[in-house]
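The values are calculated or read from the model by the stated rules, or taken from the named source; none is laboratory data. Remember, it's a predicted structure, so these values are computed and weren't measured experimentally. Positions of Cβ are generated from backbone atoms using ideal geometry, with glycine treated the same way; all protein chains shown enter the neighbour counts. Protein only, heavy atoms only, side chains kept; ligands, DNA and RNA dropped before computing areas. Shrake-Rupley method; radii C 1.70, N 1.55, O 1.52, S 1.80 Å.
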Amino acid sequence: NMSGSEMGFRPFDPESSFFSYPTSLHIEEVSASIVRSHRETTQYRPEELQALRWKVFSREEIHTYQSKSVDEMWQHCAVRLTDAVQYVVEFAKRIPGFRQLCQNDQIALLKSGSMEVVLVRMSRMFNTENNTVFFDGKFAGTELFKSLSCGDLIAAVFDFAHNLCALRLTEQQMAVFTALVLLNADRPCLEDRERVQRVRRDVELALSHILLRDNQESLLHKLYQRVPVLKSLCALHMEKLRWFRQLYPLTVHSLFPPLYKELFGSDTDIQTLTTH
Ligand SMILES: CCS(=O)(=O)c1ccc(CNC(=O)N2CC3(CCCC3)c3nc(-c4c(OC)ncnc4C4CC4)ccc32)cc1
């Protein structure tokens with residue numbers, strides 16, 4: 001039988017960056033570490049969401065949300081979104097290799113990728129039977145968000161969540177896919193693209209490895225097809241955010257969570273995102 005090196009599995013030597021194939025053991029370690037980080041940084045476990053499945057908002061509760069003013073509802077949503085983004089930041093920091101990227105690249109990846117990961121994670125909190133998403137402790141339909149006056153955005157978000165939820169990703173598949181969404185070497189203003197690409201490659205191998213093991217290789221294509229939709233959702237969201245900021249500059253400036261400036265402002269304050 002052939003020896004290890006003849007079989008093409010050179011020992012993974014982190015120094016030699018030229019021909020270093022990660023061994024399948026290394027890829028297993030990368031997957032396991034990402035899945036563990038995912039489990040530690042998702043606010044609700046699948047079984048908890050399953051138990052809450054039929055906890056939907058009453059007509060009165062929906063009415064209360066719908067009677068909020070535009071800026072009240074945006075503020076309310078902003079708090080929920082910031083909470084979700086904070087968990088994504090924690091997840092990113094635990095992806096093998098992410099912390100080794102320079103701080104500016106970590107921030108650039110989070111600035112452009114954290115909302116996309118929030119949207120992907122929303123699909124695990126979606127109930128395709130009654131088209132509701134888990135929000136504020138119960139499952140809500142699109143009508144609950146009426147006072148945001150962003151019907152097209154909310155409809156598109158629900159549509160995306162529904163389609164992704166229908167793929168029935170396992171937690172492991174979801175974990176590695178969200179790590180891939182973050183480790184995008186094409187993001188704007190990256191200082192060391194090759195470095196991001198190298199970290200990404202191990203995660204790409206991890207996803208293919210997991211899908212192969214689950215006998216679901218066809219999912220890879222379907223997942224990659226969803227990435228441009230994610231991008232367009234975030235672009236639509238940024239459009240709405242600009243519109244909202246024009247109407248309610250004070251709200252955005254004073255009441256939106258501090259994370260706002262880092263993720264959407266120009267001056268990137270490194271503190272909140274990368275400390276604690
Ligand atoms: C990132 C921190 S920040 O820079 O300070 C910041 C930046 C932007 C905003 C304003 N956008 C906003 O609040 N949005 C947008 C969207 C709907 C379109 C895309 C995601 C969304 N979604 C939710 C949300 C959910 O948030 C966790 N969870 C379940 N469902 C939903 C709603 C059905 C969409 C809750 C708020 C929310 C607020 C704060």
Q) Counting Lys and Arg as +1 and Asp and Glu as -1, each charge on the Cβ, what is the dipole of the range 174-254 about the Cα centre in debye, to the nearest 20? A) 260
Q.
Report the rotationally averaged projected area of the range 113-152 based on its alpha-carbon convex hull, in square nanometres.
A. 3.4
Q. Taking residue 222 as the anchor, which lysines have their alpha carbon closer than 24 Å to its alpha carbon, excluding any fewer than eight residues away along the same chain?
A. 231
Q. Summing -39500 (n - 2.57) over the DSSP H runs of n ≥ 4 in the chain and dividing by its residue number, what mean residue ellipticity at 222 nm do you reach, to the nearest 500 deg cm²/dmol?
A. -19500 deg cm²/dmol
Q: Work out, step by step, the length gained on full extension between residue 159 and residue 247: first 0.36 nm times the residue separation, then minus their alpha carbon distance; give nm to one decimal.
A: 29.0 nm
Q: Can you figure out the FRET efficiency of residue 235 with residue 28, using R₀ = 35 Å and their beta-carbon distance, to the nearest 0.05?
A: 0.45
**Q.** Potential lengthening between residue 63 and residue 104 on full extension [0.36 nm per residue; Cα-Cα distance subtracted]
**A.** 10.4 nm
Q: With N denoting the number of residues in the chain, provide Rg(C-alpha) divided by 2.2 N^0.38 Å, to two decimal places.
A: 1.08
Q) Please state the relative contact order of the chain as a whole percent: Cα pairs under 8 Å, 6+ residues apart? A) 23
Q: Could you work out the mean projected area of the convex hull around the alpha carbons of the range 53-188, in square nanometres to one decimal?
A: 8.9
Q. Can you tell which of 211, 32, 43 lies farthest toward the positive end of the dipole of the chain, using +1 and -1 charges on the Cβ of basic and acidic side chains (Lys, Arg; Asp, Glu)?
A. 43
(Q) Can you work out the Karplus-derived ³J(HN,Hα) for every residue in the range 49-62? Use 6.51 cos²θ - 1.76 cosθ + 1.60 with θ = phi - 60°, whole Hz, and x for glycine or proline. (A) 5, 4, 5, 8, 2, 9, 8, 9, 5, 6, 4, 5, 4, 4
Q. Across the Cα atoms of the range 122-256, what radius of gyration and what greatest pairwise Cα-Cα distance (Dmax) are found, in Å?
A. 17.5, 52
Q. Got a sec to turn the phi values of the range 122-137 into Karplus ³J(HN,Hα) couplings, 6.51 cos²θ - 1.76 cosθ + 1.60 with θ = phi - 60°, whole Hz, x for Gly and Pro?
A. 4, 5, 7, 10, 10, 10, 6, 6, 10, 6, 10, 10, 6, 8, 6, x
(Q) Between 206, 155, 108, where does the largest GNM mean-square fluctuation fall for the chain, given springs only between Cα atoms within less than 10 Å? (A) 155
Q: Using R₀ = 45 Å, calculate the FRET efficiency as 1/(1 + (r/R₀)^6) where r is the Cβ-Cβ separation of residue 171 and residue 70; round to 0.05.
A: 0.80
Q.
Between residue 215 and residue 131, what's the calculated FRET efficiency when r is the beta-carbon distance and R0 is 25 Å? Round to 0.05.
A. 0.25
Q.
Taking amide H atoms as placed 1.01 Å from N in the peptide plane, list the residues 5 or more away in sequence, or in a different chain, whose amide H sits under 5 Å from that of residue 139.
A. 55, 56, 57
Q) Can you give the extra length, in nm with one decimal, that the chain gains between residue 197 and residue 93 once fully stretched, where that is 0.36 nm per residue apart less the Cα-Cα distance? A) 35.8 nm
Q: Find the relative contact order for the range 66-140 and round it to a whole percent, using C-alpha pairs within less than 8 Å whose residues are 6+ positions apart.
A: 22
Q. How big is the accessible area of residue 159 in square angstrom, nearest 10, if you roll a 1.4 angstrom probe over the protein chains?
A. 90
(Q) How compact is the range 50-132 by the rule of thumb for globular proteins, expressed as Cα Rg over 2.2 N^0.38 Å? (A) 1.41
Q: Count the net charge of all other residues whose Cβ sits under 15 Å from the Cβ of residue 102, scoring Lys and Arg as +1 and Asp and Glu as -1.
A: +3
